[in-house]
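All remarks here apply to the structure that follows.
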Amino acid sequence: MKWTQNPDAIQGEGFDTLVVSLETDDVEVMQSSEILYRELKARGYKVLFDDRKLTSEEKRAEFPRFKNSVVIEIGREGLSRDGRVKLISVSSGASERILLEETLEKLEEFKNANGRL
């Protein structure tokens, strides 16, 4: 589900993964976010795509609502510098910068290690 399509239907417990586009005005960021969102949906993840035109701080303020989720932040700086995104466990606060193309693999590793996302 895309956040902007039905904002009133967003419930934190309904999603295991959030794809957060930090710069909605950047074509590369939005394309990368959209592709990842579609791949995750195709693999059966309960994914929410945060495509709202808000600041990164405003988006991050919502993370506690998704306490059992993993957040994938996609931003212009990480993509242009070294092709990386940020993977964040909401429950523990742990984060890791990973290559965009390694995202699905890292999510599967996390899921297998913890029995769930």
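Each value in this text was obtained by applying a stated rule to the coordinates, not by laboratory testing. This structure is a prediction, so every number in the text was calculated from the model and none was measured. In this analysis, Cβ positions are derived from the backbone assuming ideal geometry, glycine residues included, and neighbour counts consider all displayed protein chains.
Observations
- Among 22, 107, 92 - extreme Cα towards positive end, dipole of region 8-114, charges at beta-carbon: 92
- Each residue, residue 61 and residue 2, gets one label point 7 Å from its Cα in the Cβ direction; the gap between the two is 2.4 nm.
- Maximal additional length on extending the residue 76-residue 27 stretch stands at 16.7 nm, based on 0.36 nm per residue less the C-alpha distance.
- Computed across the chain, the Kirkwood hydrodynamic radius from all distinct Cα-Cα pairs reaches 14.0 Å.
- When peptides 79-92, 37-50 are sorted by average Cβ neighbour count within 10 Å, with the highest value leading, the order is 37-50, 79-92.
- Value of relative contact order over region 11-110, rounded to a whole percent, pairs C-alpha under 8 Å and six or more apart: 29
- Distance between the 7 Å Cα→Cβ label points at residue 102 and residue 38: 2.5 nm.
- Near residue 19, the amide H atoms lying under 5 Å from its own belong to 48, 49, 50, 72; only residues 5 or more places off or on other chains count, and H is placed 1.01 Å from N.
- Beta bridge orientation in the chain: antiparallel %, DSSP, nearest 5: 45
- Total charge dipole magnitude, the chain, about the Cα centre, Cβ charges on Lys, Arg, Asp, Glu only, Debye to nearest 20: 360
- Listed values for region 45-60 are Karplus-derived 3J(HN,Hα) couplings in whole Hz (6.51 cos²θ - 1.76 cosθ + 1.60, θ = phi - 60°), namely 6, 8, 10, 10, 9, 7, 10, 6, 8, 10, 6, 4, 5, 5, 5, 5, and x replaces Gly and Pro.
- Footprinting exposure proxy ranking of 16, 25, fewest other C-beta atoms within 10 angstrom first, gives 25, 16.
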